[in-house]
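A.B. asks: Here it is, the structure, as structure tokens.
The values are calculated or read from the model by the stated rules, or taken from the named source; none is laboratory data. Computed from a predicted model, the values in this text were never measured in an experiment. Cβ atoms come from the backbone with ideal geometry, glycine included; neighbour counts cover every protein chain shown. For accessibility, only protein heavy atoms count, side chains too; no ligands or nucleic acids. Shrake-Rupley method; radii C 1.70, N 1.55, O 1.52, S 1.80 Å.
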Amino acid sequence: MTLQKLNSIRTFPFTSNPKFKPPGVVNEKISETPAIFTPFTIKSVTLKNRIGVAPMCTYSSANGLPNSFHLVHLGQFAVRGAGLITVEATGVTAAGRISPHCLGIWSDEHRDAFKPIVEFIHSQRAVAAIQLAHAGRKASGGGYYTEGRGFINDVKEGGWPDEVVGPSAVQDFDYLGQPKEITLQGIEDIKEAFSQAARRADEAGFDVIELHGAHGYLIHSFLSPISNKRTDHYGGSFENRTRFLLETIREVKKFWPADKPIFVRLSASDWLETVLPDSSEEFPLHWDLKQTVRLARLLRDEGVDVISVSSGGTSPKQTVPFFEQFNTQFSYEISKEITTSVAGNIRLPSEAEEIIKSNKASIVLLAREFLKNPNWVLDALVELNNLKEKGDEGKKLISWPSQYERSLL
Ligand SMILES: Cc1cc2nc3c(=O)[nH]c(=O)nc-3n(C[C@H](O)[C@H](O)[C@H](O)COP(=O)(O)O)c2cc1C
């Protein structure tokens with residue numbers, strides 16, 4: 001579908017019909033609202049429930065432009081009641097993409113192509129977020145299911161091997177490329193690219209921007225002593241390693257409206273404690289929870305609203321224990337300093353409910369569960385309201401997508 005055609009169907013007459021109900025909220029007839037179905041307000045933005053779609057690369061773009069796949073893919077979660085929809089890692093520059101198939105927002109053409117997606121998400125009364133990213137030393141990689149995860153070392157195959165940069169010339173996973181140490185001018189250029197991306201995200205109508213500071217990508221690679229070996233004012237001490245992120249936030253804030261929230265996704269740990277146990281306070285060997293909590297305070301003071309808690313991604317030696325909810329305890333600690341969202345092996349509605357009830361996070365994000373079941377939110381509404389035994393009659397008590405109500409007849 002061309003952008004022009006998409007734009008021509010941008011009005012949603014059904015949403016102005018008084019019978020239209022936003023999907024994924026509790027019908028007031030139900031006595032006690034489960035915690036995950038309570039609204040949550042951050043600055044000017046209100047989430048109708050606490051369930052969000054975590055950012056997920058889909059490797060389905062050409063030249064970084066969103067297309068009808070992204071509209072349908074993200075739209076399916078909006079129709080099915082998710083409160084927050086986060087667009088996947090989106091390159092602030094072409095060379096900042098993970099793969100040639102990843103989304104980007106480095107031009108106004110990209111901005112305009114996002115507009116119909118944002119408008120559709122809004123039509124379902126969901127909040128639209130976009131993850132702004134620079135892949136750093138993990139750039140010029142293959143799309144997961146296209147070329148596989150390896151490094152694309154050839155321009156003819158769509159890669160950009162000579163433009164791959166990191167804080168230092170230190171390779172990440174051995175299937176990735178050898179980065180060059182980024183220059184001071186390069187740092188300035190990327191901060192500028194983040195701020196212009198934020199401007200475009202606002203102009204496209206996004207409610208939230210999330211800076212990708214996790215999973216070994218550029219921002220995380222500055223934070224972690226594993227990847228940051230610089231000897232200038234961007235490396236070494238905690239203050240120096242966090243400088244790039246803090247300066248980027250200051251640049252972004254020049255263009256992102258003060259009443260719209262800023263999220264930052266962080267890896268709370270490099271998961272290297274068992275491999276490099278002698279981490280010292282002043283000059284640690286890797287990134288850990290203690291530093292994340294310290295950074296959380298700085299981010300809060302800079303005006304960041306939410307830390308999206310994740311972990312890992314910066315070293316092949318990481319030992320990620322993929323037990324249930326492996327990031328939730330990190331989120332609990334960080335939430336003592338700043339509002340958090342959390343993802344990581346959260347599968348059941350009862351688990352999500354417990355996280356919100358016990359203040360371990362304010363928003364629960366799901367990735368793989370949503371891929372398996374885009375109806376997760378509506379199923380959770382049924383389950384947590386004990387409507388199962390009432391069958392389809394029970395489903396009528398909750399806010400189902402208006403267009404699909406006949407499935408309950
Ligand atoms: C297909 C896929 C793509 C992903 N892409 C991103 C991404 O673009 N940005 C990001 O921060 N995390 C990404 N992740 C990580 C998820 O956001 C999430 O943190 C992780 O999958 C753990 O959540 P889960 O157990 O609910 O899947 C991706 C995960 C999956 C499964």
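A.B. asks: In this structure, is Glu281 within 22 Å of Phe244 (Cβ to Cβ), charged (D, E, K, R) and in contact (Cβ under 8 Å) with a residue 40 or more places away in the chain? Give the steps one after another, and end with the answer.
C.D. replies: Working: within 22 Å of Phe244 (Cβ to Cβ): yes; charged (D, E, K, R): yes; in contact (Cβ under 8 Å) with a residue 40 or more places away in the chain: no.
No; evaluated as a whole, the condition is false for this residue.
A.B. asks: Only residues that are touching a Pro at 6+ places or on another chain (Cβ under 9 Å) and of a type in the set (Ser, Thr, Tyr): list them for the stretch 109-140, please.
C.D. replies: Residue satisfying the conditions is Ser140 alone.
A.B. asks: Look at the stretch 167-208 and say how many of its residues are among the acidic types (Asp, Glu) and within 22 Å of the chain's Cα centre (by Cα).
C.D. replies: Count: 5.
A.B. asks: Give me the pairs: first residue in the stretch 54-68 and away from the ligand (no atom under 16 Å from the Cβ), second residue open to solvent by less than 30 Å² (accessible area, probe 1.4 Å), beta-carbon distance under 7 Å, and six or more apart or on different chains, which are they?
C.D. replies: Leu65/His110; Leu65/Ala113; Asn67/Ser61
A.B. asks: Out of the residues in the stretch 196-243 meeting the condition of being in contact with a His (Cβ under 7 Å, 6 or more places away or on another chain) and within 15 Å of Ser311 (Cβ to Cβ), tell me which one is surrounded by the fewest Cβ atoms within 10 Å (Cβ to Cβ).
C.D. replies: Result: Ile226.
A.B. asks: Here are some conditions: (1) closer than 16 Å to Phe263 by Cα; (2) in contact with a helix residue (DSSP H, G or I) (Cβ under 8 Å, 6 or more places away or on another chain). Val208 meets all but one. Which one does it not meet?
C.D. replies: Going through the list (1) closer than 16 Å to Phe263 by Cα; (2) in contact with a helix residue (DSSP H, G or I) (Cβ under 8 Å, 6 or more places away or on another chain), Val208 breaks only (2).
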